[in-house]
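Just below is one structure, and these are the notes that go with it.
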Amino acid sequence: ELARIGVTGLAVMGRNLARNLARHGHPVAVHNRSYSRTKELVEEFGHEGTFFPAETAEQFVASLERPRRLVIMVKAGGPTDAVIDEFAPLLEPGDMIVDGGNAHFADTRRREAALRERGIHFVGAGISGGEEGALHGPSIMPGGSPESYEALGPLLEDISAKVDGVPCCTHVGPDGAGHFVKMVHNGIEYADMQLIAEAYDLLRRGAGMEPGEIAEVFRGWNEGRLGSYLIEITAEVLAHTDAATGKPFVDVVTDQAEQKGTGRWTVQIALDLGVPVSGIAEAVFARSLSGDAGLRTAARELPGPSGALAEPAYSLVADVEQALYASKIVAYAQGFNQIQAGSAEYGWSIDPGAMSTIWRGGCIIRAKFLDRIKQAYDAAPNLPSLLVDEYFLDAVRGAQDAWRRVVVTATQLGIPAPGFSSALAYYDGLRAERLPAALVQGQRDFFGAHTYRRVDREGAFHVLWGGDRSEVAS
Ligand code: NBP
């Protein structure tokens, strides 16, 4: 008997993915650089299904049925290349390597092209949901060739999360498309977390509420349109008390957020594609600001709002819910625009509605909201922005007065809300009839003779700024 699929790299993610496969009745070969992890897995969880433990790469490959399906779950970067270099020579044309790590999509494109030359299918698959997701059903975003998806899809869909019976896994597109979409997913996750954190800060410092009370507010929100995994776990974190001190847990944690880099990649790539993902960028920068302890200490004496500012004369809670929902729509609208731009740039033909479908379960940004996004793209696959979809337009119409009040209140109280305020600025920028970009064009023409276009005539023009200031066609 042979294994249907193999997993190499048995840290938290690989181990749980292998167990998930085994629990679904798929005989799975398991391998890890250091054999101890392989042994532990089989000793502890061997009863869950059929495992083929392999001590060497050769044993591992020999235990797989053909064409071989081999999943790599190691630390992204150099380790992934090392593992590919180790296994590729042992494989045959038609075999498939799946990289389930958080690879940069450009690396995936490079690896896919190199392995394609040898007849090996390389599938960069974004996997979200952390260790729990890997075990109980993640959201899976596989790229690579359509042929490889025919052989892998049924297995991956089988172990993915399901919502209304629909698997949270679909073929995203060729080569690096899967890892690209996973990257944007993580960027949206950063933005969502930042917005939730700003909502908390406003309720805590603006409305003077205690973490436990705010947890209750979030629990309430979780029952409504904001219902999502991130809102749910935020309530859990806020309700948690530190055992050692008896204080709210959130008060004993250092306020310096860390990052592994996928949010930063999203912003870097968005800059290259020219897509304004201000919500994701603000979230990445907010983490960077929080982490710069030296700068924050040096700046501690910067003055805040002067005079006695009255506490907001209205209940912030309802307004913050509106601001959070509207800002969240903006963040997702921007992220989906980045997916569309990446898809156009690399010829991936990604279906945005399918992405919202596979994000409804298993992944960190799973939310009720994603059903609405799916409906929006089902109705109009080439929607220029989620904001102009009828449902979201209506939601923002209803939210915008509260959203503006929240941004004003935050500004008056000196509570930073970069996510809420930049989302609002983006929104107002989109809907503006005239933008001051016209003035920027004038400045560019003045100092650099960069030329400008006119509203009333075709062509490029330049003013002789240093001369008689007449206009010349260029
Ligand atoms: P880690 O990212 O911590 O990687 C540990 C694994 O990589 C071990 O199996 C280790 O083998 C192996 N490895 C390393 Br390090 N260098 C190697 C090399 N040169 N050759 C062969 N193997 C090597 O594991 P993880 O947290 O399970 O994550 C796995 C992947 O999944 C990563 O790409 C991660 O970004 C991604 N991911 C993680 C999560 C999450 O929640 N943790 C979520 C989604 C995606 P050893 O045992 O011999 O040291």
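The values are calculated or read from the model by the stated rules, or taken from the named source; none is laboratory data. Treat the numbers as computed from the prediction; the structure is a model and nothing was measured. Neighbour counts are summed over all protein chains in view; Cβ atoms, including those assigned to glycine, are modelled from backbone coordinates with ideal geometry. These accessible areas exclude ligands, DNA and RNA; they are computed on the full protein's heavy atoms, side chains included. Shrake-Rupley method; radii C 1.70, N 1.55, O 1.52, S 1.80 Å.
Per-residue answers, yes or no, for (1) part of a helix (DSSP H, G or I); (2) of a type in the set (S, T, N, Q); (3) modelled with pLDDT of 95 or more:
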residue	(1), (2), (3)
Thr234	yes, yes, yes
Ala243	no, no, yes
Asp251	yes, no, yes
Thr254	no, yes, yes
Gln268	yes, yes, yes
Ala283	yes, no, yes
Ser290	yes, yes, yes
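Return the residues of region 1-54 that are among the small types (Gly, Ala, Ser), over 16 Å from Gly133 (Cβ atoms), in contact with a Gly (Cβ under 9 Å, 6 or more places away or on another chain) and part of a helix (DSSP H, G or I); say none if nothing qualifies. Don't jump to the end; show me each part of the working.
Narrowing region 1-54 to residues among the small types (Gly, Ala, Ser): 3, 6, 9, 11, 14, 18, 22, 25, 29, 34, 36, 46, 49, 54.
So of that shortlist, the ones also over 16 Å from Gly133 (Cβ atoms) come out as 3, 6, 9, 22, 25, 29, 34, 36, 46, 49, 54.
From the residues that got through so far, the ones that are in contact with a Gly (Cβ under 9 Å, 6 or more places away or on another chain) too are 9, 22, 25, 29, 49, 54.
Result: Ala22, single match.
Among residues belonging to region 92-107 that are away from the ligand (no atom under 14 Å from the Cβ) and of a type outside the set (Asp, Glu), point out the one that is farthest from the chain's Cα centre (by Cα). It would help to see each step written out before you state the result.
Of the residues in region 92-107, the ones away from the ligand (no atom under 14 Å from the Cβ) are 92-96, 106.
Filter once more, so that each one left must be of a type outside the set (Asp, Glu): 93-94, 96, 106.
Working: Pro93: 34, Gly94: 32, Met96: 26, Ala106: 17 Å.
Result: Pro93.
Thr38 satisfies every condition listed in (1) farther than 19 Å from Gly124 by Cα; (2) more than 10 Å from the ligand (Cβ to nearest atom); (3) open to solvent by less than 10 Å² (accessible area, probe 1.4 Å) except (2). For region 91-101, the count of residues that are more than 16 Å from Ile364 (Cβ to Cβ), assigned to a strand (DSSP E or B) and β-branched (Val, Ile, Thr) is at least one. Only one entry in Ile188, Ile196, Ile233 is among the β-branched types (Val, Ile, Thr) and without any contact (Cβ under 8 Å) to a residue 12 or more places away in the chain, namely Ile233.
Given the criteria more than 22 Å from Ser278 (Cα to Cα) and crowded, with 23+ Cβ neighbours inside 10 Å, does Gly362 qualify? Spelling it out, Gly362 is indeed more than 22 Å from Ser278 (Cα to Cα) and crowded, with 23+ Cβ neighbours inside 10 Å.
Can you go through Ala151, Ala161 and tell me which one is in contact (Cβ under 8 Å) with a residue 60 or more places away in the chain, open to solvent by less than 50 Å² (accessible area, probe 1.4 Å) and away from the ligand (no atom under 14 Å from the Cβ)? Write out each step before concluding.
On the way: Ala161 fails: away from the ligand (no atom under 14 Å from the Cβ).
After applying the criteria, what remains is Ala151.
Scanning region 338-350 turns up no residue that is open to solvent by less than 80 Å² (accessible area, probe 1.4 Å) and closer than 30 Å to Glu216 by Cα.
Within region 115-137, the only residue that satisfies the criterion of being open to solvent by 10 Å² or more (accessible area, probe 1.4 Å), aliphatic (A, V, I, L, M) and in a helix (DSSP H, G or I) is Leu135.
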